[in-house]
Amino acid sequence: QVQLVESGGGLVQAGGSLRLSCAASGSIFSINDMAWYRQAPGKQREFVASIISGAITNYADSVKGRFTISRDNAKNTVYLQMNSLEPEDTAVYYCNKLRGLPWAWGQGTQVTVSS
């Protein structure tokens, strides 16, 4: 079973930046398309960004142009660079597979953006 550990969250002012990391155990990480998701208080978990075949990226409209997803298969890690953060980006951020039955969710990393 793959274990996911997200990190890099924190408290930042609007307009600031954060870089999230998601470290995965297990060699099967490299063959899976990966995604970042987020869940704000009182809301359902939503898609944020994905990376397919190591290079093709896709983003939710709300973060397009501000967030960048990348991965390092040698380190079994996927990243999310978040720029121009807005209070609406406040949420717990998770990574997981893009398709199929998800692996067990990690604890996530809290991102709080103050106005």
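Can you list the residues of the stretch 55-84 with backbone N under 14 Å from a point 7 Å past the Cα of residue 13, pointing along Cα to Cβ? The answer is 84, whose backbone nitrogens lie closer than 14 Å to the label point. In straight-distance terms, cross-link reach from residue 43 covers every one of the lysines whose alpha-carbon lies under 23 Å from its own, apart from those fewer than eight places away in the same chain; here that gives 64, 97. Against the empirical curve 2.2 N^0.38 Å, the C-alpha radius of gyration of the chain lands at a ratio of 0.99.
Across every direction, the projection of the convex hull enclosing the Cα atoms of the stretch 10-72 has a mean area of 5.4 nm².
Ligands, DNA and RNA excluded, the heavy atoms of residue 99 present near 140 Å² of accessible surface to a 1.4 Å solvent probe.
Summing Lys, Arg as +1 and Asp, Glu as -1, what charge do residues with Cβ under 12 Å from the Cβ of residue 63 carry, residue 63 excluded? Around residue 63, the surrounding residues sum to -2.
Atom-type composition of the exposed protein surface of the chain places 50 percent of the accessible area on carbon and sulfur (1.4 angstrom probe). Annotation: per residue accessible area for the chain equals 52 Å², rounded to a whole number [probe 1.4 Å, protein chains only].
The values are calculated or read from the model by the stated rules, or taken from the named source; none is laboratory data. As the structure is a computational prediction, the values presented were derived from the model and not from experiment. Here Cβ is always computed from backbone atoms with ideal geometry, including for glycine, and neighbour counts include all displayed protein chains. Each accessible area value is taken on the protein alone, full model and side chains, heavy atoms only, with ligands, DNA and RNA left out. Shrake-Rupley method; radii C 1.70, N 1.55, O 1.52, S 1.80 Å.
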